[in-house]
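J.: Once you've had a glance at the structure underneath, I'll fire off some questions.
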Amino acid sequence: MSTIPNEINWKTLYSGDPKDGWLHSGVGVFSDGQIVFESPGGGAFIVLNPEDESFTRVEVSAAVLHGITVLQNSNDDAFWICDPGADTSGQLLLVNRKGELLRRIFRPGTIEGDLVTWKPTTVAVVEAEGAHKGDIWIGDGYGESLVHRIRPDGSFQTFDGSSTSLVFNCPHGIAIDTRGPESLVAIADRRNKRIVFFTLDGEYVESVSSELMIGPSSIAVRQDRLIVTDLYGAMLSVDLAGKVEVLIPSIKPERGEGWPNQIKDGESLAPDVRDGAVNSPHGVAVSSNGTVFFTEWYFGGRVVQIFHP
């Protein structure tokens, strides 16, 4: 029996001011249920309380808060920011809710990073007890289309996807898939229109694709489903058998001029959006009670809550 409720319970929690710039953001959930995402235009994050929609803005040294991963077992709600950079080098930053820097990671094998090729978009951390606890998986979606695994001792492996019979082409999102008897690494290989699964050792397991999957971008686990944002299409779910279903449809089947924004009188403006359909879903996270939060990528952007009990 499906664990996805029939009722979406849509609630728009935040709509940014288009004048502030792009919302090109991931999203994470803290232990107290508050969520964190990019402040439009970058350079800061927003911590928002979904109950009353109050929020605070905290500046941080990141050009783009593209990927956000909250550490579930952190005493101070530390979270990783995957920053592909603008006119700066890409980086991974571990910060706390005050914006204080706890750790920085550049491209594996380098010291100061590489402005041209290192453009990380996503990070996932193995937090369960076992041989792989503390492993960090990084997708360089906007750079070399590589996936890196960094172990706690600093050693690393790099994967180009060739073991899957198809090299990665924008590995945009990564999540640790805890649904089965053994955890797997799930990779949203966006331009190849598929989700790829590896063991925690880095061995290829399988790929999932569908005509419904146009541009899978980010992944989160909700009970026995993966919740997937498809940037060019809909919000999707993937069950343990690899069946792909639409959770929330796209506002329109084809991208118009200026997408994800729109062109009016020769000017690029934020798109016309509505509840119950998506324009350009980007980041996604799931709380401990099954609530799903996702972001949309456009001028100002928005943050939406669904499946709230």
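Read-outs throughout are calculated quantities, based only on the coordinates presented, and are distinct from any laboratory measurement. No experiment lies behind these values; they were computed from the predicted model shown. No Cβ is skipped: glycine too gets one built from the backbone with ideal geometry, and neighbour counts run over all protein chains shown.
J.: Note down the relative contact order for the chain as a percent, whole number, built from C-alpha pairs under 8 angstrom at least six residues apart.
T.: 17 percent
J.: Next question, about the same structure. From the Cα gyration tensor of the stretch 11-306, with a ≥ b ≥ c the square roots of its eigenvalues, which class applies: rounded if a/c is under 1.5, or else prolate if a/b is larger than b/c, or else oblate?
T.: Values: a/c = 1.34, a/b = 1.17, b/c = 1.14.
It is rounded, given that a/c, with a ≥ b ≥ c, falls under 1.5.
J.: With springs only between Cα atoms under 10 Å, which of VAL167, VAL238, VAL147 fluctuates most in a Gaussian network model of the chain?
T.: Comparing VAL167, VAL238, VAL147 in a Gaussian network model of the chain, the most mobile one is VAL167.
J.: For the chain, with a Gaussian network of springs between Cα atoms less than 10 Å apart, report the residue from SER25, SER39, SER54 with the top mean-square fluctuation.
T.: Evaluated over the chain, the most mobile residue of the options is SER54.
J.: Check the straight Cα-Cα distances from LYS193 and name the lysines below 17 Å, setting aside those fewer than 8 residues away within the same chain.
T.: Of all the lysines, those that pass the test against LYS193 - Cα under 17 Å, at least 8 places apart if same chain - are LYS243.
J.: Mind checking which of ILE248, ILE138, ILE263 has the largest fluctuation in a GNM of the chain, springs on alpha carbons under 10 Å?
T.: Comparing ILE248, ILE138, ILE263 in the GNM, the peak value goes to ILE263.
J.: Sort SER155, SER15, SER287, SER217 by Cβ crowding within 10 Å, fewest neighbours at the top. Intermediate results must be reported in sequence, preceding the final value.
T.: Details: SER155 9, SER15 16, SER287 22, SER217 26.
The order, fewest Cβ neighbours first, is SER155, SER15, SER287, SER217.
J.: Could I ask something else about it? When Lys and Arg each count +1 and Asp and Glu each count -1, what net charge do the other residues less than 12 Å away from VAL60, Cβ to Cβ, add up to? Don't jump to the answer; show the numbers that get you there.
T.: Values: positive: ARG57, ARG97, LYS98, ARG104; negative: GLU38, GLU59, ASP83, GLU100.
Taking every other residue near VAL60 into account, the sum is 0.
J.: Something else now. Decide, for the stretch 31-121, between rounded, prolate and oblate: order the square roots of the alpha carbon gyration tensor eigenvalues as a ≥ b ≥ c, take rounded if a/c falls under 1.5, and otherwise choose prolate if a/b is larger than b/c, else oblate. Each step should come with its number before you reach the end.
T.: Working: a/c = 2.64, a/b = 1.71, b/c = 1.55.
Because a/c hits 1.5 or more and a/b exceeds b/c, the stretch 31-121 counts as prolate.
J.: Under the definition of Cα pairs under 8 Å and six or more residues apart, what whole-number percent is the relative contact order of the stretch 109-175? Display every interim value, and only then the final one.
T.: Numbers: 126 pairs, mean separation 19.8, N = 67.
29 percent.
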